[in-house]
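Comments concern the structure below.
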Amino acid sequence: MSSWGSFSYIFGPLIAAFVITVLVLVLRWSHARPSPLVTKSKKITPANDYGLLVPVAAPPTQREAQKLVNLLGSRSIKATLTNTTDGLRILVWPHEVTRANQILSRDTTAPSSRRAGTNPS
């Protein structure tokens, strides 16, 4: 090490600073708050703008909508509640539309205006 001359004393602190900097960067990366993989859409779109999902109900209130989604979920039907330009809509996959309509038509606790495509006025 004597061949490095008078600069040999600086390499130890430089290596230590480099190692500490790398550790700080790794720890900041590992403890960072994760970013969501799917971001929520803030815009309100028409009910037919949800790909394959088909609207089956148009509940008047958020509370009623959640009851209907829970009812369909209890019958093993995956339902999505969304706010569209026409109001709240419950959407299901096309192969579950018939079953969802049967279940919703049997449920008499909700108002008759909840069916998709009907106007409550």
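Are any residues in region 91-102 surrounded by 17 or more Cβ atoms within 10 Å (Cβ to Cβ) and either farther than 15 Å from G73 by Cα or in contact with a helix residue (DSSP H, G or I) (Cβ under 7 Å, 6 or more places away or on another chain) (or both), and if so, which ones?
Of everything in region 91-102, those that are surrounded by 17 or more Cβ atoms within 10 Å (Cβ to Cβ) and either farther than 15 Å from G73 by Cα or in contact with a helix residue (DSSP H, G or I) (Cβ under 7 Å, 6 or more places away or on another chain) (or both) turn out to be V92, A100.
In region 18-36, what residues are at pLDDT below 90, in a helix (DSSP H, G or I) and of a type in the set (A, V, I, L, M, F, W, C)? Steps first, answer last, please.
Of all residues in region 18-36, those at pLDDT below 90 come to 29-36.
Next, from what is left, pick out any that are in a helix (DSSP H, G or I): 29-30.
W29, the sole residue that qualifies.
Suppose we keep only residues that are under 13 Å from I103 (Cβ atoms) and β-branched (V, I, T) within region 52-82. Which one would you say is surrounded by the most Cβ atoms within 10 Å (Cβ to Cβ)?
Filtering first and then ranking leaves V56.
How about region 77-101: which of its residues are of a type in the set (S, T, N, Q), modelled with pLDDT under 90 and not in a strand (DSSP E or B)?
Matches in region 77-101: T85 only.
Does any residue in region 63-84 that is in contact (Cβ under 8 Å) with a residue 40 or more places away in the chain come within less than 7 Å, Cβ to Cβ, of a residue that is buried (at least 17 other Cβ atoms within 10 Å of the Cβ) and of a type in the set (V, I, T) six or more places away or on a different chain, and which pairs are these?
Once the first residue is in contact (Cβ under 8 Å) with a residue 40 or more places away in the chain and sits in region 63-84, its partners that are buried (at least 17 other Cβ atoms within 10 Å of the Cβ) and of a type in the set (V, I, T) give L68/I90.
The values are calculated or read from the model by the stated rules, or taken from the named source; none is laboratory data. Note that this is a predicted model, so its numbers are computed, not measured. Every residue, glycine among them, receives a Cβ derived from its backbone with ideal geometry; neighbour counts consider all protein chains shown.
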